[in-house]
Amino acid sequence: MNQTLSSKLPARLELDNISVGYQDHIILRDFSLQVQHGDQVAVVGSNGAGKSTLFKALVGLLPLHSGHIFIHGEPLGHHKDCVAYLPQREEVDWRFPINVSEVVMMGRYARLGWCRRPTKTDQVAVQQALEHLNIPELAQRSIGDLSGGQQQRVFLARALAQEPHILLMDEPFTGVDA
């Protein structure tokens with residue numbers, strides 16, 4: 001896309017002076033950022049610097065103390081399925097009784113709506129995500145029975161099945177072999 005056209009589009013992701021944290025402890029204060037269409041951004045910092053806090057704010061898991069987040073020019077929450085989040089491994093309860101295919105299908109839930117069963121399109125998206133990550137043979141295995149690297153691939157498949165415009169990955173390669 002040429003620079004003239006891309007500068008006319010609203011930022012795909014815009015953070016306007018956000019402050020976010022846990023209860024009264026602010027982790028990020030007055031932080032602003034614009035990510036344009038097609039940009040790829042790596043958030044790098046030491047442990048405790050606020051990377052995970054930022055991602056949780058971007059998906060609405062942590063409320064903002066101040067500021068605004070816009071996705072495609074609309075306030076956070078307007079879009080239900082265009083942002084996918086791959087959390088750190090330790091944030092997941094691996095004992096939950098669910099199989100790989102069901103975990104990946106969770107990426108489709110925002111598209112499904114309340115009390116609707118997955119369609120053929122949803123099932124195809126799940127199968128394609130599993131194949132893309134080279135794990136279709138794990139589909140019926142319990143998530144808790146997998147290695148750390150396999151679990152991470154499953155959650156990446158879930159994010160890909162969502163077909164997001166924005167993909168947030170928090171330490172995505174932890175436990176994944178080259």
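The values are calculated or read from the model by the stated rules, or taken from the named source; none is laboratory data. The shown structure was predicted, so the numbers you read here are calculated from the model rather than taken from an experiment. Virtual Cβ from ideal backbone geometry, glycine too; neighbours counted across all protein chains shown. We work out accessible area using only protein heavy atoms, side chains counted, and drop any ligands, DNA or RNA first. Shrake-Rupley method; radii C 1.70, N 1.55, O 1.52, S 1.80 Å.
Annotations for the structure displayed:
- Within the stretch 51-66, backbone nitrogen closer than 14 Å to the virtual label 7 Å beyond the Cα of Asn17 toward Cβ: 65-66
- With the whole protein complex present, Cys115 retains an accessible surface near 140 Å², based on a 1.4 Å probe.
- Per residue, the stretch 97-156 exposes 57 Å² of solvent-accessible protein surface, assessed with a 1.4 angstrom probe and all protein chains in place.
- Protein heavy-atom surface of the stretch 23-65, 1.4 angstrom probe: 48% of the accessible area is carbon and sulfur, with nucleic acids and ligands not counted.
- Multiplying the residue separation of Thr119 and Glu137 by 0.36 nm and subtracting their alpha-carbon distance yields 4.3 nm.
- Prolate/oblate/rounded call for the stretch 44-99, Cα gyration tensor, a/c under 1.5 rounded: oblate
- Within the listed set Gln40, Gln128, Gln151, the residue fluctuating most in the Gaussian network model of the chain (springs between alpha-carbon atoms under 10 angstrom) is Gln40.
- Exposed trypsin sites (Lys or Arg not before Pro) absent - longest run of the chain, DSSP non-H/G/I/E/B, at most 11 other C-beta within 10 Å: 1-79
- Placing one equal scatterer on every Cα of the stretch 79-147 and applying the Debye formula, the log10 ratio I(q)/I(0) at q = 0.29 Å⁻¹ is -1.38.
- When exposed loop sites are taken as chymotrypsin sites (Phe, Trp or Tyr not before Pro) in a DSSP loop with at most 16 other Cβ atoms within 10 Å, the longest stretch of the chain clear of them is 1-93.
- Ordered from largest to smallest accessible area (heavy atoms of protein chains, 1.4 Å probe), the residues Ile18, Ile98 come out as Ile98, Ile18.
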